[in-house]
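See structure below.
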Amino acid sequence: MISDGHVVVVGLGFGDEGKGSVVDALCRDGSVSAVVRFNGGAQAAHNVVAGERHHTFSQFGSGTLCGTPTLLSRHVLVEPIALATEARELVALGVPDPLGLVSVDAGALLTTPIHVAANRAREDARGASRHGSCGRGIGETVWYSLVSRRGSAPGDVVEDQVVPSPPGTPPTVGDCGDPARLRRRLDDLARFYEPLIAGSEHGFPAVEELVNLYREFSGAVRTVSGDEVGRRADRGRLVFEGAQGVLLDQWRGFHPHTTWSTVTPDAASGLLGARRATVLGVTRTYQTRHGAGPLPTEDPGVLDRFPEAHNGTGRYQGAWRAGHLDEVLLRYAAAACGGIDALAVTHLDRVASGLSVATAHRTPSGADLTSLPLGPAGAVRHQRELTESLSRCTPRLEELPRDPDAVVDRLETLLDAPVLLTGTGPDRADHRLATPVPLRR
């Protein structure tokens, strides 16, 4: 039963589906022994509202207000300075010793202010052709590790980006306890990015200052290694909290407007090994996204009617956008996950105001597409073709039922999965967990 089995929470949109509230709801009864973050980094923004308390979870698991510990897996990009800031915010909300709730895999890559400066300089240089980056150094952290692992030389092109100078070994969480090794790796990182950052408005602290900060971080959190997820999974129930949404996935999203992260449940499944888990897909009753990239059902009227309390325009992310529910994209996201076992549907209170739903995408030739082909995982050409196809199609819209129960029934039929959790407002009191459903994976 889902009440005692592991759960993988994954967004079925472009992010901002309500994953934070879903994880909080799953943790509220005290049955979850840990929340495992299995992708992404400090760019995550998962909101939990509990009466007068509100927090936007970035690196801490969204079960923290319930007292549930967090494990940052080796697939997470860890930003220690931002983690310390988030810990102070949680203390102000009444969470005692938040860092004491956190364990971090020693193999997790560090996102540093050097990566952030490089990310912002690169996005500035793209001008109107920006990809929609959050400007938090996520892509640069992954890219530098790729360049290092491949032994790339200056002038090589890796993932459409030119290598500016010889790379070093990327710094990890495990390096934070060894100042000499960390200093070498940060020096190499700074030299690598100097040609890109020089002349830009973006800077970063001195390497020695970073070494001291990261030494304090190493002493404040528990660092783990080996199969920590497996050990915990055999002792108690885990909830795996995904970041971003499947439509931004590095292998399945619409390139180039994707994240440098595996958003689908694959990484969580790899961490669990042969152990079973329920894949819980999360969707709003309408589509949203930040910044550049396809949003076929975009409608300024939806944006005007449903203002966001916790989302806005970011310098690098771009504007907050909204549109109608898109069944074609939902089918695609579920298929990219290898199917889902259950659904969480948030923002059900919005349907009473009147929304539409795209049942198909009409091509310029007049054909109606009700599904999108997956193609081989990681086939960039195919991902670009999907992006181009969406730009040429027009959504075929019909009115969405104004009865929340009818919307739930429709989504259950569409994705062949029961709705486990419903959200009818921003507060945790507005999120209801349905009768437990059997594990199917």
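The spread of Cα positions in region 113-223, taken along each principal axis and listed from longest to shortest, comes to 43, 27, 24 Å. Convex hull volume of the C-alpha atoms in region 192-290, normalised per residue: 205 Å³. Comparing ILE81, ILE138, ILE340 in a Gaussian network model of the chain, where Cα atoms under 10 Å apart are tied by springs, the biggest mean-square fluctuation is seen for ILE81.
Applying both filters, DSSP loop and at most 16 other Cβ atoms within 10 Å, to the trypsin sites (Lys or Arg not before Pro) of region 1-54 eliminates every site.
When the chain is treated as a GNM with alpha-carbon contacts under 10 Å, the residue of GLN244, GLN287, GLN161 showing the greatest mean-square fluctuation is GLN161.
Once you've got the GNM for the chain with C-alpha springs shorter than 10 Å, pick whichever of ALA344, ALA352, ALA108 has the biggest mean-square fluctuation. Per the Cα network of the chain with a 10 Å cutoff, ALA352 tops the list. For the chain, the dipole from Cβ point charges (+1 on Lys and Arg, -1 on Asp and Glu) about the Cα centre works out to 680 debye, to the nearest 20. Applying a DSSP loop filter and a limit of 12 other Cβ atoms within 10 Å to the GluC sites (Glu not before Pro) in region 182-291 leaves GLU201. Report summary: the helix-based calculation at 222 nm, which adds -39500 (n - 2.57) for every DSSP H run with n ≥ 4 and divides by the residues of the chain, gives -9500 deg cm²/dmol.
Considering only the Cα atoms of the chain, their convex hull presents on average a projected area of 20.3 nm². Cα centroids of region 131-201 and region 209-275: 20 Å apart. Per residue, the Cα convex hull of region 200-354 amounts to 189 Å³. Within the chain, antiparallel bridges make up roughly 40 percent of the DSSP beta bridges whose residues both belong there.
At the listed q of 0.22, 0.24, 0.29 Å⁻¹, the Debye profile of region 326-384, built from one uniform point per Cα, gives log10 I(q)/I(0) equal to -1.04, -1.10, -1.20.
Largest first and in whole Å, the equivalent-ellipsoid semi-axes of region 373-430 read 32, 16, 13, each the square root of five times a Cα gyration tensor eigenvalue. Residue separation of ARG184 and ALA50 scaled by 0.36 nm, minus their Cα-Cα distance, works out to 43.8 nm of gained length.
Each value in this text was obtained by applying a stated rule to the coordinates, not by laboratory testing. Keep in mind it's a predicted model, so treat the numbers as computed, not measured. Cβ atoms come from the backbone with ideal geometry, glycine included; neighbour counts cover every protein chain shown.
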